[in-house]
Amino acid sequence: MRMASQARVALVTGGGKRVGRAIVQTLADAGFDVLFTTRDQQVIDGPISRVGRITPITVDVSDLPQSVDALLETIQSSFGRLDVLVHNASIYDEGDLAHTGTRLIRRLNRIHVEVPILLTKAMTPFLRASKGHVITMLDAGVERPMPKYLAYSASKAALANLTVGMARELAPDVTVNGVAPGVVVWPKDFPEHDKHAYIARTPLNRTGDPSDAANLVKYLVTEGKYITGQIIRVDGGRSII
């Protein structure tokens, strides 16, 4: 293992676009050296940070256990430390009860449950040494799941449960919290009438922005040293009505 980096180091899974990219940029702008996973570097969007170093790693995190081994080796050989681990990689696959089978269930659970468990396990020695932070990216709508996203909602609910469990196990050295956005980026081809209906039921009368979620992540891993085991919604108040 090389000598530990002097800069704080963050690893973000699925950081090439959308909310993940906002998290990568926000942490880098806060001075972190940030590694992020992507399956295809061609999908990386947005500008490169002006402050911290950003390093893409082309790997499919669901390719277990090889992906975890590769990420652990990268941290060991290139940085020698890890301060923040953000479980952002996600898939949003449809499937109501009639159209949900074992293949879909296993695909969703692998990315939303197995990867966070195994990757956190592998990085725990680094996180304990740095008094670090783990963030899971959840979904504000999981408590009232849509039937056509049945398996997706169940896998994210499992990740929420895992968040609290890991917070208990990794205390007092490591904080673990969940960030649960509502709509901060519309899914591709989302119907216009559904957009209007969503906003009409949101007290702040608008959608959010990826930066809303990213700024909360930054707060939790920089200032939120006495916060753990919490799941914080970023949904414009939609969950209260």
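The values are calculated or read from the model by the stated rules, or taken from the named source; none is laboratory data. Everything quoted here is computed from the prediction, not taken from an experiment. A quick note on method: Cβ atoms are made from the backbone with ideal geometry, for glycine too, and the neighbour counts reach across all protein chains shown. For the accessible areas, the whole protein counts, side chains as well, though only heavy atoms, and no ligand, DNA or RNA atoms are used. Shrake-Rupley method; radii C 1.70, N 1.55, O 1.52, S 1.80 Å.
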* Structure fact -> With criteria (1) closer than 25 Å to Asp212 by Cβ; (2) in contact with a helix residue (DSSP H, G or I) (Cβ under 8 Å, 6 or more places away or on another chain); (3) part of a loop (DSSP other than H, G, I, E, B), Leu82 comes up short on (1)
* Kindly establish whether Ile105 is closer than 20 Å to Leu11 by Cβ and either modelled with pLDDT of 95 or more or of a type in the set (Val, Ile, Thr) (or both). => no
* To do: Kindly indicate whether Gly208 is free of Cβ contacts under 8 Å to residues at least 12 places away in the same chain, out of contact with any helix residue (DSSP H, G or I) (no Cβ under 8 Å at 6 or more places or on another chain) and not acidic (Asp, Glu).
  => no
* For Ser239, indicate whether it is open to solvent by less than 20 Å² (accessible area, probe 1.4 Å) and not hydrophobic (A, V, I, L, M, F, W, C). => no
* Looking only at the stretch 155-197, count how many residues are part of a loop (DSSP other than H, G, I, E, B), over 15 Å from the mean Cα position of the chain (by Cα) and surrounded by fewer than 17 Cβ atoms within 10 Å (Cβ to Cβ). => 9
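Residue by residue, here is whether (1) open to solvent by 20 Å² or more (accessible area, probe 1.4 Å); (2) part of a helix (DSSP H, G or I); (3) more than 22 Å from Ala180 (Cα to Cα); (4) without any contact (Cβ under 8 Å) to a residue 40 or more places away in the chain holds:
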| position | (1), (2), (3), (4) |
| --- | --- |
| Val61 | no, no, no, no |
| Ser67 | no, yes, yes, no |
| Ser77 | yes, yes, yes, no |
| Tyr92 | yes, no, no, no |
| Asn109 | yes, yes, no, no |
| His112 | no, yes, no, no |
| Pro125 | yes, yes, yes, yes |
| Arg128 | yes, yes, yes, no |
* Matching residues in the stretch 143-154 - criterion: being under 12 Å from Leu108 (Cβ atoms) and open to solvent by 20 Å² or more (accessible area, probe 1.4 Å) -> Tyr149, Leu150, Ala154
* So which residues in the stretch 84-120 are among the charged types (D, E, K, R) and under 19 Å from Gly165 (Cβ atoms), if there are any at all? -> Arg110, Glu114
